[in-house]
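Throughout, read-outs are computed from the coordinates displayed, never taken from laboratory work. Predicted model, so just to flag it, every value in this text is computed and none were measured. Using ideal geometry, Cβ is built from the backbone for each residue, glycine included, and neighbour counts are taken over all protein chains shown.
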Amino acid sequence: MEPVYALGVSCIQLVQYWFADYGEYFEIVNHFANPHYVLEILFPLISILDSVFAAQLLLSMSFGGWMNAVLKWWFLEDRPYWWVRETTYYTEANRPHLLQTLQSCETGPGSPSGHSTTAASVLVLVIMWLSHIFNDRKWNVWWWKYVVYPMFPLALSSVMFARLYVATHFPHQCMLGALLGLFLAPALCIYVTDPFIWRYGPHATLPVKQAVTWHTISAIITILISVVTYYSLVLCGVDPHFTVKLAFRWCENPDSIHVSTTPMFALVQCTANLLGCALCVTPVLAKYRHNTKNRSLIISIIATAVSVYGFRVLEANIPRASTFKFYTLNFILNAVRPAVLLRLVPSLAMWPYSSKIKEKVN
C-alpha cells in the first residue's frame, strides 16, 4: 500500500496548497459531516418535523457507522497525518510535511471515510425525502430537481476535499466511504424501513411483533460481529487500539483528540442505536408524518430540546474511571434515545389532539 499512500500524500499536498485560503470553510464542512454530529444534532432536529424521515436517517447513520467501524478494523489502513511520519518510504531529507488542523487527529484506522459515508447517505436521504413530500402532497414543483441535483456532487465533493485538506484520509478512502453511503441509504430505505412502516411488500403480511423480533435479532447480530471482530484482532496479536497510540504520538495538538473518533465508541453508539431503532420503529410512525396538523410543533420543539439536554447532562456525568461502565452506560443512553425522540415526543405532541383524531376515526 505504500506507493498508493505516497500518491495520496501528493494529492493531499496539492489540495492543501490549492485551497490554502479555504481552511475555515473545510473545517466547517468537516464539522457538519461528522457522524457524531449528525446523530447528536441533526437526528433530533429532523425528528421534530418527520419521525419517518428521522427513523430512516437513524437507521442509515447507525448501520453505516457500524459497518464503517467494522471495516476500519478489517482493513487497518493508516491515516495520512501519521503515516507520513511513521513510514520508511521516504528519507528524512525528502519527507513531506502535511498541514494539521484541530480536526486532523482522529484515532481510528483510515478506511473507509466515515465523513464521506455520512455525507453521501444524508444527501441521498434528503433527495428521497423531498421527492416523497412533493409526490405525496401533489406539489407540481418541476424545477426542484434542477436545483437540488447539481448541489449533490458539489456537497459530496466538498466533504471529500475537506477530509483530504485536514489530512485524515487518503483519496481512495474517501471514495470508498462515499460509495458505501450511496449504496446503503437507498438500500436500507427501500428494503427495510419503507416496506415495514408503510406496510407493503413482504412486510405487509408479516405481523408487527414478528418483524420487530427479526429486527432486534439483526441488531444483536451486529453487536456479536463487533465483539468477534475485536477479539479476533486480539487473538491475532493485533492491538485494536494501536491507532489511538499513533494519534497521540503524531498529533501536533493532542488536546483535540476526542473519544468519539475511536472505533470502539462508534460501535457502541451505532449498535445501541440499531437496537433502539429495532425496538421502537414500527408502522405507528407513519401517522406522525401524515397527522402533522394534529400535532403541536411547540410541544415537539420543547420536548425534544428537554430530551436532548437531558441526554447531554447524563452523558457528561458518565464516570470515565472504568472503561466498562463508560461504554455500558453510553450503550444504554443511545439505546433509549430513539424511543424517546421517535415515540415519546411525538405522542406528547399529538396528545392535545387525541380526542379530535378519535372523532375523525369514528
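Some notes on this structure:
- Annotation note: chymotrypsin sites (Phe, Trp or Tyr not before Pro) in region 186-216 located in DSSP loop regions with a Cβ neighbour count of at most 14 within 10 Å are Tyr200.
- Stretchable slack from Asn317 to Ser10, in nm (0.36 nm times residue separation minus alpha-carbon distance): 106.2 nm
- Among Thr229, Thr262, Thr87, the residue with the largest mean-square fluctuation in a Gaussian network model of the chain, with springs joining Cα atoms closer than 10 Å, is Thr87.
- Angle of helix 114-136 to the longest C-alpha principal axis of the chain, folded into 0 to 90 degrees and rounded to 10: 30°.
- Positive-end ranking of Ser116, Ala272, His97 along the dipole of the chain, with charges on Cβ about the Cα centre, is headed by Ala272.
- Cα-centred dipole magnitude for the chain, charges only on beta-carbon of K, R (+1) and D, E (-1), debye, nearest 20: 1640
- Over all other residues within a Cβ to Cβ distance under 14 Å of Trp198, the charged ones net out to 0, with Lys and Arg as +1 and Asp and Glu as -1.
- Rounded to 0.05, the FRET efficiency of the Leu344 and Tyr200 pair, given R0 = 35 Å and the Cβ-Cβ distance, is 0.85.
- For the pair Glu2 and Leu102, a Förster radius of 22 Å applied to the C-beta separation gives a FRET efficiency near 0.20, rounded to the nearest 0.05.
- Net lengthening on full extension, Glu92/Asn294 (0.36 nm per residue, minus Cα-Cα): 65.9 nm
- Phi angles of region 164-172 translate, via the Karplus equation with coefficients 6.51, -1.76, 1.60 and θ = phi - 60°, into HN-Hα couplings of 5, 4, 8, 6, 9, 9, 7, x, 5 Hz per residue; Gly and Pro are given as x.
- Normalised by the number of residues in the chain, the mean separation of alpha-carbon contacts (under 8 Å, six or more apart) gives a relative contact order of 25 percent.
- Taken as Cα centroids, region 25-39 and region 208-281 sit 20 Å apart, rounded to the nearest whole angstrom.
- Estimated FRET transfer efficiency when R0 is 22 angstrom, pair Phe75-Ile225 (beta carbons, to 0.05): 0.90
- Lysine pairs in the chain whose alpha-carbon atoms fall under 24 angstrom of each other, counting only those eight or more residues apart or on distinct chains, come to 12.
- Considering helices alone, the calculated mean residue ellipticity of the chain at 222 nm is -22000 deg cm²/dmol, with DSSP H runs of length four and up weighted by -39500 (n - 2.57) and normalised per residue.
- Top of Ser60, Ser121, Ser296 by mean-square fluctuation, Gaussian network on the chain, Cα under 10 Å: Ser296
- Each residue of region 330-346 was assigned a 3J(HN,Hα) from its phi angle through the Karplus expression (A = 6.51, B = -1.76, C = 1.60, θ = phi - 60°), giving 5, 4, 4, 4, 6, 6, 7, 3, x, 5, 5, 7, 9, 10, 5, 4, x Hz with x at Gly and Pro.
- Were the residues from Val234 through Trp18 laid out at 0.36 nm apart, the gain over their Cα-Cα distance would be 73.6 nm.
- Cα-centred dipole magnitude for region 50-196, charges only on beta-carbon of K, R (+1) and D, E (-1), debye, nearest 20: 260
- Under 5 Å between amide hydrogens, built in the peptide plane, is the criterion, and for Cys251 it picks out nothing among residues at least 5 positions away or on other chains.
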